[in-house]
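One structure is given below, encoded as structure tokens.
The values are calculated or read from the model by the stated rules, or taken from the named source; none is laboratory data. The structure presented is a predicted model; accordingly, all values stated were derived computationally and were not measured. Don't worry about glycine lacking a Cβ; one is built from the backbone with ideal geometry, like all the others, and counts go over all protein chains shown. Ligands, DNA and RNA are excluded from the accessible area calculation, which covers all protein heavy atoms including side chains. Shrake-Rupley method; radii C 1.70, N 1.55, O 1.52, S 1.80 Å.
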Amino acid sequence: MAAAKRKRRGGLAVQAKKPKRNEKDATPPAKRRDMAEETEEEDRDHTKMDRKDKLFVINEVCEMKNCNKCIYFEAKKKQDLYMWLSNSPHGPSAKFLVQNIHTLAELKMTGNCLRGSRPLLSFDPAFNELPHYALLKELLIQIFSTPRYHPKSQPFVDHVFTFTILDNRIWFRNFQIIEEDAALVEIGPRFVLNLIKIFQGSFGGPTLYENPHYQSPNMHRRIIRSITATKYREKQQVKDVQKLRKKEPKTILPHDPTADVFVTPAEEKPIEIQWVKPEPKVDLKARKKRIYKRQRKMRQKMSSGNTK
């Protein structure tokens with residue numbers, strides 16, 4: 001009503017300015033209600049997890065989604081990636097450091113596989129030699145293999161997941177099976193799992209195994225920095241020693257009388273006295289300059305005569 005009022009000043013009708021409407025006010029209330037309902041539904045669908053929460057919360061998320069196997073990726077310092085493999089909710093679980101990650105876009109391999117196809121799992125014989133590797137093999141089989149009679153599984157197999165143990169690490173590769181001759185062509189991605197610990201429970205509990213060969217990324221970076229610092233220090237020390245040597249006075253050694261024992265005197269050549277004055281040497285450069293000047297003058301005269 002305030003916007004529609006008119007004021008008369010000096011016989012003129014002046015209309016009051018209308019307040020500016022916000023974009024939110026511009027949308028009709030029914031549409032606003034629908035948008036609010038959609039955002040609420042999206043928040044309900046996606047399970048959120050705060051960084052401050054402990055990892056035991058993941059067991060509750062698995063229970064809500066009716067999952068008994070879980071893969072959890074944990075990124076730290078925007079450069080270190082850790083992977084948890086867990087059997088929820090009773091365990092066991094294993095923590096790995098993921099190294100040498102190469103994605104499909106980076107590799108550009110020729111292999112390919114159908115979506116939803118079942119993978120074969122191939123394990124290194126070294127998995128059966130040690131008990132902690134046998135436990136990891138069973139955990140990997142339960143996580144990466146396709147459950148029997150799963151509704152989303154396809155009735156064909158066209159690729160292989162290989163797990164190989166080398167240098168106390170697990171190397172993962174993904175290969176396509178070519179139908180003609182059963183040859184293998186790599187698809188990707190590829191990465192290396194460096195085992196840290198195996199826990200009895202899911203995302204925690206008593207430690208069943210701890211890798212003695214594991215070195216944290218922070219320690220690795222610290223060693224590299226210390227090596228570079230020692231190299232720099234050694235170079236500086238060498239430079240300082242060289243400067244001190246230059247400043248030191250040179251020691252003059254006394255003359256050794258036996259040093260000239262084997263020195264043979266050179267033969268004396270007869271001195272020739274030249275009575276005739278030698279001819280002056282011809283300066284070729286000056287001669288060439290004189291010839292060039294003469295030719296240039298001749299050309300100038302020729303050109304001036306032609307113009308006349």
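The table for this structure:
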| quantity | calculated |
| --- | --- |
| Only one of T258, T207 that is more than 20 Å from M83 (Cα to Cα) and not aliphatic (A, V, I, L, M) | T258 |
| Some residue of region 172-180 being within 19 Å of K108 (Cα to Cα) and under 21 Å from the mean Cα position of the chain (by Cα) | yes |
| Scope region 133-142; condition surrounded by fewer than 15 Cβ atoms within 10 Å (Cβ to Cβ) and either of a type outside the set (A, V, I, L, M) or within 32 Å of the chain's Cα centre (by Cα) (or both); matching residues | E138, I141, Q142 |
| Strands (runs of 3 or more DSSP E) completely within region 152-256 that count 1 or more residues being of a type in the set (S, T, Y) and surrounded by fewer than 14 Cβ atoms within 10 Å (Cβ to Cβ) | 204-210 |
| Test for A30: is it part of a helix (DSSP H, G or I), modelled with pLDDT under 85 and within 29 Å of the chain's Cα centre (by Cα) | no |
| Matching residues in region 257-278 - criterion: being in a loop (DSSP other than H, G, I, E, B), open to solvent by 100 Å² or more (accessible area, probe 1.4 Å) and not charged (D, E, K, R) | F262, T264, P265, P270, I271, I273, Q274, W275, V276 |
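For every residue, the table says whether it meets (1) under 25 Å from N59 (Cβ atoms); (2) out of contact with any Phe, Trp or Tyr (no Cβ under 9 Å at 6 or more places or on another chain); (3) among the basic types (K, R).
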| site | (1), (2), (3) |
| --- | --- |
| F163 | no, no, no |
| F203 | yes, no, no |
| I224 | no, yes, no |
| I227 | no, yes, no |
| E234 | no, yes, no |
